[in-house]
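Here the structure comes first, spelled out in structure tokens, and everything after it is commentary.
FYI, it's all coordinate maths here, none of it is from the lab. Model, not experiment: these values are computed from the prediction. Methodologically, a virtual Cβ is constructed for each residue, glycine included, from the backbone with ideal geometry; neighbour enumeration extends over all protein chains shown.
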Amino acid sequence: MASEKTLVLLRQRLCDPSFVYSAFKSSPNGNYSKLKFLISNTITEACNNSVLLLGPRGCGKGAAAAAGTGGLELEGGGREAGPETEGWGAFPLFAVQMSPVPVCFPFVVDLVLEDLKSELPEIISVARLNGLLHSDDNCAVKEIARQLCLENKLLFSKMASFDDNSQFMIDMLRECGLAHKMIIFVLEEFDLFTQGKQRLLYSLLDAMQTLTSHSVVIGISCRMDADQLLEKRVRSRFSHKKLLFTPLTTDDMQRLLEHLLYLPTDSSLPSDYLKEFNSNINNILTDNKFKEILDLLSAADNSISNIQRFLYQAISSMHFQTELLTMDDLKSAFSYHQRQPMLDKLQDASILELYILVCMNRLESREQDSYTFNSVMKEYKAIQDSYKTSDNYSKSVCQRAFEHLIERELISFANNRLRNLSVEYRPVRLLLSSQELYQSLKSNASCPAILQRLLNYETYR
């Protein structure tokens with residue numbers, strides 16, 4: 001059946017990160033194009049370079065880097081060991097694959113690397129490090145040496161010192177440079193490498209100052225000030241190039257959805273079915289109800305991986321009889337996709353507890369990161385004085401409701417070191433997002449209308 005083939009095709013697309021992120025390849029001003037140009041230019045001019053990819057998690061920084069260097073499978077023949085490399089063996093092209101970060105974090109890098117590998121398979125090699133595993137300088141350099149020995153079927157000495165491993169890495173850079181080969185170092189969680197004495201970063205960047213080396217260092221971090229964490233001696237050797245990654249815009253989201261959902265016209269599916277399916281997808285993408293679902297989905301998590309999970313759930317709900325994706329499938333996927341644990345906890349919350357949560361949300365909207373029970377009570381009294389509602393409770397009753405919310409883990413203490421203070425004086429914070437609180441109030445039949453108005457004013461004004 002055509003619907004079964006369509007379902008298989010769409011699932012394959014959503015499970016293939018390279019296909020997902022290829023939607024952004026065509027933009028000449030995109031970070032994919034900029035990173036690929038930087039690496040290609042470095043190869044052409046036979047020089048060294050370094051760049052930082054900065055942005056929130058899930059925005060595709062890793063995808064950009066991989067697009068330039070990723071997936072390099074090395075073939076390549078080495079050279080016989082010289083006196084300075086005795087015990088380590090040859091220096092062929094190498095690829096050190098180390099534990100990756102969450103799925104959507106490394107893929108712009110991977111796309112660039114895959115493209116360059118296909119264009120220049122015998123010139124580029126890649127070494128990957130992850131700060132979560134290799135922030136210790138000794139561990140990082142030793143892991144590179146271990147992977148290289150494994151790649152070249154050599155015995156690895158666990159007793160080799162940091163200096164021995166560093167010298168091996170420097171010799172490798174020189175030998176590859178003389179052989180007109182480039183090494184690309186991808187340092188994921190770059191900010192974690194800045195802890196300690198930064199010997200790994202210094203060794204890499206200092207070795208890149210020589211005329212014989214030919215390499216690129218790509219740092220990936222979610223900290224916008226990652227370059228400011230570098231020591232002076234390291235910073236002076238860094239090129240200070242940055243690519244900033246931002247969450248998806250409305251146009252980016254539209255381009256991604258079209259890329260993932262439209263069926264190719266040259267497929268083996270019946271032409272009438274292709275036209276009907278693509279026309280149906282176009283109607284869905286222009287439907288205001290679908291745009292509302294996307295807005296709610298993006299408010300909680302605007303990452304590409306979140307969109308992938310949502311679409312995968314939606315197409316899995318397709319009925320083979322209709323053979324088309326419907327708004328009901330998307331609504332069902334959205335309701336399933338929403339974060340439920342907190343909403344479940346709020347189902348049987350009392351009116352007073354809802355008042356306290358709304359008061360805390362109002363305080364946070366004024367950029368108060370933490371506050372005490374007394375601050376919440378002042379906000380509660382201000383609401384009662386302004387609107388003269390019948391939901392006016394004493395301080396002792398409010399405190400019991402406040403403690404109940406702590407027990408249910410809807411709010412928590414901001415600082416566990418102040419345990420000697422009584423509950424009303426300890427700073428607290430809200431564990432609910434504004435969107436979750438809004439949805440809970442909206443679905444609660446006994447919720448006073450004033451609470452929804454207060455939350456709407458503060459959150460959606």
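In debye to the nearest 20, how big a dipole does the range 309-416 give about its Cα centre with +1 on each Lys and Arg Cβ and -1 on each Asp and Glu Cβ?
320
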Query raised in the report: Counting Lys and Arg as +1 and Asp and Glu as -1, what is the net charge of the other residues whose Cβ lies under 14 Å from the Cβ of residue 270?
Result: -3
Query raised in the report: Any idea what log10 I(q)/I(0) is at q = 0.10, 0.23 Å⁻¹ for the range 343-459, Debye with uniform C-alpha scatterers and no solvent?
Result: -0.26, -1.55
Report summary line: What the 5 Å binned alpha carbon P(r) of the range 250-339 shows, as percent of pairs per bin from 0, is 2, 13, 24, 28, 19, 9, 4, 1
Query raised in the report: So in the chain, what percent of DSSP beta bridges are antiparallel if you round to the nearest 5?
Result: 20
Query raised in the report: What lysines sit close enough to residue 388 to cross-link, taking a C-alpha to C-alpha distance under 19 Å and skipping anything fewer than 8 places away on the same chain?
Result: 378
Report task. For residue 123, list long-range residues whose amide hydrogen, built 1.01 Å from N in the peptide plane, is under 5 Å from its own amide hydrogen. Result -> none
Requested in this report: Compute the acute angle (0 to 90°) between the alpha-carbon long axis of helix 137-151 and the principal axis of greatest extent of the alpha-carbon atoms of the chain; round to the nearest 10°.
Outcome: 60
Report summary line: Per the C-alpha gyration tensor (a ≥ b ≥ c, the square roots of its eigenvalues), the range 289-342 is rounded if a/c is under 1.5, else prolate if a/b beats b/c, else oblate; here it's prolate
Query - Part-to-part distance (alpha-carbon centres) for the range 20-46 and the range 201-241, which is given in Å - result: 20
**Report entry** Dipole magnitude of the chain about its Cα centre (Cβ charges: Lys, Arg +1; Asp, Glu -1), debye to nearest 20
**Finding:** 1320
Query raised in the report: To the nearest 10 degrees, how steep is helix 373-387 against the longest Cα principal axis of the chain, on a 0 to 90 scale?
Result: 50
Query - Of 257, 352, 7, farthest towards positive along the dipole that unit charges on Lys, Arg, Asp, Glu beta carbons give the chain - result: 352
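With runs of 4+ DSSP H residues as the only contributors, calculate the mean residue ellipticity of the chain at 222 nm using -39,500 (n - 2.57) per run, divided by the residue total and rounded to the nearest 500.
Values: 21 runs with 237 residues, N = 461.
Only helices count here, giving -15500 deg cm²/dmol.
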Report summary line: Sorted by chain and then number, the residues having a modelled amide H within less than 5 Å of the amide H of residue 186, at least 5 places away or on another chain, are 127, 128, 129, 218
Query - For the range 392-408, Karplus couplings with θ = phi - 60° (6.51, -1.76, 1.60), whole Hz, Gly/Pro x - result: 10, 10, 6, 5, 5, 5, 4, 5, 5, 5, 4, 5, 5, 5, 5, 4, 8
Report summary line: Beyond 32 Å (Cα-Cα) in this structure, taken from 241/291; 275/331; 36/232; 117/153; 34/232, we find 241/291
Query raised in the report: With N residues in the chain, what two-decimal value do you get for its Cα radius of gyration over 2.2 N^0.38 Å?
Result: 1.22
